[in-house]
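The values are calculated or read from the model by the stated rules, or taken from the named source; none is laboratory data. All values reported here derive from a predicted model rather than from experimental measurement. Positions of Cβ are generated from backbone atoms using ideal geometry, with glycine treated the same way; all protein chains shown enter the neighbour counts. Areas reflect the complete protein model, heavy atoms only, side chains present, ligands, DNA and RNA absent. Shrake-Rupley method; radii C 1.70, N 1.55, O 1.52, S 1.80 Å.
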Amino acid sequence: MQWNLQRILKATAFCLTAACLLLGSSYLVADEKGDKKGDDKKEAAKEEPKKEAPKKEEPKKEAPKKEEPKKEEPKKEETKPAPKKEEPKKEEPKKEEPKKPAVTVKTLVTNLESPSGIAIQDGTGHVFVASRYGVYRYDAKGKTVDLEIAGYPTDVYGKGPKYNIGPLGVAFMDKDHLVVGDGSRPDAEELVRIYKVGDKPLEKWVKEDTAVQTLGPIKAGDKSAKGEGNFYGVAVGDGAIFITCNGDDTKGWVAKSVIKEGKAGPLEPSIATKEATNVDAPVAITFSLDGKELVIGQMGEVNVAGDSLLTFYDPKTGKLTKSLKTGLSDIAGLAYSPKTKKLYATDFSWVDATKGGLFELKIDGDKVTAEKVISLDKPAAIAFDKEGNLYLTVFGTQGKDPEKSPGSLAVIKAGL
């Protein structure tokens, strides 16, 4: 009786062990289908060979007093912890960052018609802007805009589209004297005026004929077959005033007025840029940072794309020292950053306004790369202040309201 009981108990233990093994196998499969957590469950991820459930063995009859041999449970293959496989790094698809403009343009003054020249007054930092109806003063600190000089007639410039224009180029001869190049009259009648301006806006604007000095006109003659006009660009340096002209297209004159004892001398044709470069229309003008070179943007024909040149002259002799193709269509503004020393240009782009904008001009030997900084709708003049803020004028496109002019004065904060 005792022997039979022992046999029954052992058989029962064996059956329980087999059942546990079966249940354990089912658990691993289910876990493989679920979440895999921890190293022990990684083994379940491997495809195991199908295990046949161990057959239940009938308990063997053993002779009395013989020790039953220990039943070896089926050996589980010891699974060494799998070496941590470094899963190949999944390269996340590179999210293309939305292209952000390198700069932000902040509009300061709106409702200007054909705004062109910009000049910044030393000491006050006031920005003087020429537009069709006159010259305005913008105070960046007080955020005010006042009309300073007005009463100009008007002229028309351009070939589809055409613009009504007034005074064009402006520059300071010294802190208190503003040079204004006119564009409001016919060629051969245009004038260059010099006005005395103070540190504060005038209580009432003055008429354009109240200048302290008037230069010109440059009439038709031996040097200019038609006479000169549209004095778009003004630059002061090397003891003189230099002004780009539009008149005799066979010459492409830059006029010059020598300054002596604080007074400007006669305005005379000085540099025949068309003869030097074979490209029309000198427009934008500035001095190199060291003041040794006169830098001129040769606009070219307004109905021809990509013909603008960047040119350099000796201001003393008027000799062309370098002429470089830019790929731009109509260079209208030039300025060097006082902080980064980089040269920037605006492209008005008459043929295709969508291609206009502000460009950095990178010069490498005899090659220029024009790298677009930001698109602008018919940009004109540019000027940096001492802090490196860039002021610019934009003609813009006329909207549905004919009473509202599309032009503006804007600024790009220091950083260019």
Considering residues of the range 318-332 that are open to solvent by less than 40 Å² (accessible area, probe 1.4 Å) and closer than 16 Å to VAL368 by Cα only, the residue farthest from the chain's Cα centre (by Cα): LEU324
Residues (among the hydroxyl-bearing types (Ser, Thr, Tyr) and in contact with a Pro (Cβ under 6 Å, 6 or more places away or on another chain)) located in the range 108-151: SER131
Output for the range 219-246, where each listed residue is open to solvent by 10 Å² or more (accessible area, probe 1.4 Å) and of a type in the set (Val, Ile, Thr): VAL234, VAL236
Boolean, VAL105 is within 25 Å of the chain's Cα centre (by Cα) and either open to solvent by 30 Å² or more (accessible area, probe 1.4 Å) or touching a residue at least 24 places away in the same chain (Cβ under 8 Å) (or both): yes
Residue tally, condition open to solvent by 50 Å² or more (accessible area, probe 1.4 Å), assigned to a loop (DSSP other than H, G, I, E, B) and among the β-branched types (Val, Ile, Thr), over the range 115-173: 1
Unmet requirement for ILE259, which otherwise passes all of (1) farther than 27 Å from TYR163 by Cα; (2) under 31 Å from the mean Cα position of the chain (by Cα); (3) aliphatic (A, V, I, L, M): (2)
Residues that are in contact with a Phe, Trp or Tyr (Cβ under 8 Å, 6 or more places away or on another chain) and basic (Lys, Arg), drawn from the range 133-161: ARG137, LYS159
Residues located in the range 334-354, provided they are closer than 15 Å to GLY160 by Cα and in contact with a helix residue (DSSP H, G or I) (Cβ under 9 Å, 6 or more places away or on another chain): SER349
Residues located in the range 292-317, provided they are open to solvent by 30 Å² or more (accessible area, probe 1.4 Å) and either in contact with a Gly (Cβ under 6 Å, 6 or more places away or on another chain) or within 15 Å of ASP248 (Cα to Cα) (or both): GLU301, GLY306, ASP307
Selection from the range 389-407 of residues that are buried (at least 22 other Cβ atoms within 10 Å of the Cβ) and closer than 21 Å to ASN164 by Cβ: LEU392, THR393, VAL394, PHE395, GLY407
Set PHE312, PHE359: member being closer than 28 Å to SER257 by Cα, touching a Leu at 6+ places or on another chain (Cβ under 8 Å), assigned to a strand (DSSP E or B) and at pLDDT 95 or above: PHE312
Pair list, Cβ < 8 Å and 6+ apart or interchain, from the range 135-156 residues that are farther than 19 Å from LEU178 by Cα to residues that are in a strand (DSSP E or B) and open to solvent by 30 Å² or more (accessible area, probe 1.4 Å): LYS143/LEU108; THR154/ASN164; ASP155/ASN164; VAL156/TYR163; VAL156/ASN164
